[in-house]
């Protein structure tokens, strides 16, 4: 009997898997590490506020890209990786959406790969992907010379480029995109959502909500950031107890994810 084609679930990162901008969240740490000055740190905090308050359209994303590219010019890549590694659990762990973590578990239980597709830089996205259990990540890459960022962008994972990356992964990994899933909060990710058979809008901005309702896509609300250790207390328990509690937690997570989808579907139909 021929095997079924492989499938995957593609997740945007910022405001989809985590409650903030992954790159901007490290602004204070980069300041304390001497990579940016106080003025740049304050501007980064302001951009984070704007991003959280109303999302970011295409023009705002372009301005954010220009700001971050200019800001990181001359940074030592290894120092950036060390700062991220030292602070990631304090900064990122508390802002991971419980609902997103549940969906990631559910997709793994169903035999699907989980792929994070983010406009943020690879040095930030890759360790976050490892933290949440993603199988691979797609992220923006900066040009590096002599171990430092030049400020130029080698690969920008944004808009149509995300869809192109997904198509390339489907080709290399054998994914059947008509059976794959995608999740995002932004209308800038419409090409990514359109590339799969099961698109989902998560905490959507106004433009994406309008599109999702028009196309009858599920609209999900993620609102419960939670530390991963709080979701999986079995990680600190003895081996046999850990296995029992972990199995119960995974079952509960799958049920919770199904409930989230059902509520989102009902809201969509009502709207």
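Taking other Cβ atoms within 10 Å as a rough exposure proxy, 140, 16 sort from fewest to most as 140, 16. Listed by Cβ neighbour count within 10 Å, with the fewest neighbours leading, 72, 180, 148 appear as 148, 72, 180.
Take the Cα radius of gyration of region 88-216 and divide it by 2.2 N^0.38 Å, with N its residue count; two decimals is plenty.
1.10
Once both labels are positioned 7 Å from their Cα atoms along Cα-to-Cβ, the gap between residue 4 and residue 198 label points is 0.9 nm. Based on Cα contacts under 8 Å between residues 6+ apart, region 170-223 shows a relative contact order of 30 percent. Taking other C-beta atoms within 10 Å as the exposure proxy, 7, 23 rank 7, 23 from fewest upward.
Each label point was placed 7 Å from the Cα along the Cα-to-Cβ direction; for residue 73 and residue 110 their separation is 4.5 nm.
None of the figures in this text is laboratory data; all of them are computed from the coordinates on show. Remember, it's a predicted structure, so these values are computed and weren't measured experimentally. With ideal geometry, Cβ positions are generated from the backbone for all residues, glycine too; neighbour counts draw on all protein chains shown.
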